[in-house]
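Student: Here you go, one structure.
The values are calculated or read from the model by the stated rules, or taken from the named source; none is laboratory data. Not measured: the values here are computed from a predicted model. Cβ: placed from backbone, ideal geometry, glycine included. Neighbour counts: every protein chain shown. The protein model used for the area step is the full one, side chains on, heavy atoms only, and it has no ligands, DNA or RNA in it. Shrake-Rupley method; radii C 1.70, N 1.55, O 1.52, S 1.80 Å.
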Amino acid sequence: MPFPQTRLRRLRATPVLRDLVRETRLDPGDFVLPLFVEEGLDGRGGRVPIHAMPGVDRLSIAGAVAEAGEAHALGIPAVLLFGIPADKDEEGSGAWDDEGAVQLATRAIKDAHPDVLVIADLCLCEYTSHGHCGLLRADGSVDNDASVELLARTALSQAQAGADVIAPSDMMDGRVGAIRAALDEDGLGDRRGYQMDPANGDEALREALLDVQEGADMVMVKPALPYLDVVRRVKDATHLPVAAYNVSGEYAMVKAAAAAGYLDERAAVLEALTSIRRAGADIVITYHAKDAARWLQ
């Protein structure tokens, strides 16, 4: 019946009633906590604050283990590891070093907290002296196919260290198939796991579907908030678990606005995370994971 008989606000009358009919719920079990692990910090205090991201630090191995334990205690099931090497070179060889930051942190976290899911970020940009996600040719362009070989080599090293999920973020064409083949050939088949124009939603969907065809077991949309429409389209098209990365810029904007008194951090964060889940994300990677888990208790 039309208004005035139909009044949707009747279902919003009390907090209990609103909770009863709520379509999208947040739970700490939906979150992944990103951690930045830096080589050489164990002898230098173990933590270095990232000033643009209040509350987030670069961590030693021991610091990463402690953070993973704290996250687990809050009901957060997984951490996402980014490595910061002591030295960089043109190939990014630190990425596939079996004694590299991600590999060492993975082993330490799995030893201390076997139930914590460890996701390894897979990219060469943090390890290369030039900062690109792959090898450079003499003319300065990225050599896609040669880079894919090194990415597969890195994935193998990360999986052998104990990573539960390999999460490529490099955007090299064909890398999912090469990684899938490398892991399967080494008996790691049960390890499930260049930048594009942000205006191209159709292209994003094609990229996701290509990754699925190459053997991806889940897909990720990054950043999250500007691409909620892409999250929904990817979820509908792939029917796979979809992760969305609530990235550092989104985190920093909320922190800055809250510090200036422009908004209530708790309310803004929970609304943003709910919107990501509502768009279709099964997994939300967020630097607010620990705070949100506490707020939801």
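Student: Tell me, what ³J(HN,Hα) does each residue in the range 243-254 have, in order and in whole Hz, if you take phi through Karplus 6.51 cos²θ - 1.76 cosθ + 1.60 with θ = phi - 60° and put x for Gly and Pro?
Tutor: Going residue by residue, I get 9, 10, 9, 7, 6, 4, x, 5, 4, 5, 4, 5 Hz, with x marking Gly and Pro.
Student: Keeping the other protein chains in place, figure out the carbon and sulfur percent of the accessible area of the range 156-291, with a 1.4 Å probe.
Tutor: So the carbon and sulfur contribution to the accessible surface is 52 percent.
Student: Using only DSSP helix segments of four residues or longer, with each worth -39500 (n - 2.57), what per-residue ellipticity at 222 nm results for the chain after dividing by its residue count and rounding to 500? Walk me through the numbers before you get to the answer.
Tutor: Details: 10 runs with 118 residues, N = 297.
After summing the helix terms and dividing by residue count, I get -12500 deg cm²/dmol.
Student: In Å and whole numbers, how far do the C-alpha atoms of the range 118-191 stretch along each principal axis, longest first?
Tutor: So the extents along the principal axes, rounded to whole Å, are 39, 20, 15.
Student: Given a Förster distance of 35 angstrom, what is the FRET efficiency for Leu11 paired with Asp115, based on the Cβ-Cβ distance and rounded to 0.05? Provide the component values of the computation, followed by the final result.
Tutor: Working: r = 38 Å, r/R0 = 1.10.
Computed FRET efficiency for Leu11 and Asp115 comes out at 0.35.
Student: Determine, from the Cβ-Cβ distance of His130 and Leu240 and an R0 of 30 Å, the FRET efficiency 1/(1 + (r/R0)^6), rounded to the nearest 0.05. Numbers along the way, then the final one.
Tutor: Numbers: r = 33 Å, r/R0 = 1.11.
Here the calculated transfer efficiency is 0.35.
Student: Follow-up. Along its three principal axes, how long is the chain when you only count alpha carbons? Whole Å, largest extent first please.
Tutor: The principal-axis extents, from largest down, are 70, 44, 37 Å.
Student: Sticking with this one: Tell me which residues come under 5 Å, amide H to amide H, from Val56 once H is placed; ignore anything under 5 positions away on its chain.
Tutor: Answer set, sorted by chain and number: Ile50.
Student: Going by Cα centres, the range 138-153 and the range 30-98 are how many Å apart?
Tutor: Between the Cα centres of the range 138-153 and the range 30-98 lies a distance of 26 Å.
Student: For the charge dipole of the range 157-237, defined by +1 on Lys and Arg C-beta atoms and -1 on Asp and Glu C-beta atoms about the Cα centroid, which residue among Asn200, Ala181, Ala216 has the Cα displaced farthest towards the positive pole?
Tutor: Selected residue: Asn200.
Student: If I model a spin label at Arg137 and Arg206 as a point 7 Å from the Cα along the Cα→Cβ vector, what separation in nanometres do I get?
Tutor: Using points 7 Å along Cα→Cβ, the separation is 2.1 nm.
Student: So, one more: Provide the percentage of antiparallel DSSP beta bridges, counting only those with both residues in the chain; round to the nearest 5.
Tutor: Just about 15 percent of them are antiparallel.
Student: Accessible area per residue, 1.4 Å probe, Å², for the range 93-201: what's the number? Kindly include the intermediate steps, with their values, before the conclusion.
Tutor: On the way: 4600 Å² over 109 residues.
Normalised by residue count, the accessible surface of the range 93-201 is 42 Å².
Student: Let me ask something else. Taking the Cα centre of the range 46-147 as origin, work out the dipole magnitude from +1 charges on Lys and Arg Cβ and -1 charges on Asp and Glu Cβ, in debye rounded to 20. Mind dumping the intermediate values first?
Tutor: Values: 6 positive and 17 negative charges, 81 e Å.
For this selection, approximately 380 debye.
Student: Tell me the per residue accessible area of the range 32-92 using a 1.4 Å probe; a whole number in Å² is fine.
Tutor: Averaged over the residues of the range 32-92, the accessible area is 43 Å².
Student: For Arg294 and Ala181, FRET efficiency with R0 = 41 Å and r from the beta-carbon atoms, rounded to 0.05?
Tutor: Approximately 0.45, to the nearest 0.05.
Student: Oh, and also: Enumerate the aspartates and glutamates that Lys235 could reach by cross-link, defined here as Cα to Cα under 19 Å, with residues fewer than 8 away along the same chain left out.
Tutor: Once the sequence-local aspartates and glutamates are set aside, what remains near Lys235 is Glu23, Asp30, Asp202, Glu203, Glu207, Asp211, Glu214, Asp217, Asp282.
Student: In whole Hz and in residue order, list the ³J(HN,Hα) couplings for the range 136-142 that follow from phi through the Karplus curve 6.51 cos²θ - 1.76 cosθ + 1.60, θ = phi - 60°; x for Gly and Pro.
Tutor: Per-residue couplings from phi come out as 9, 7, 4, 7, x, 7, 7 Hz.
Student: Using a probe of 1.4 angstrom, how much of the accessible area of the range 68-119 is carbon and sulfur, in percent?
Tutor: Carbon-and-sulfur percentage of accessible area, whole number: 48.
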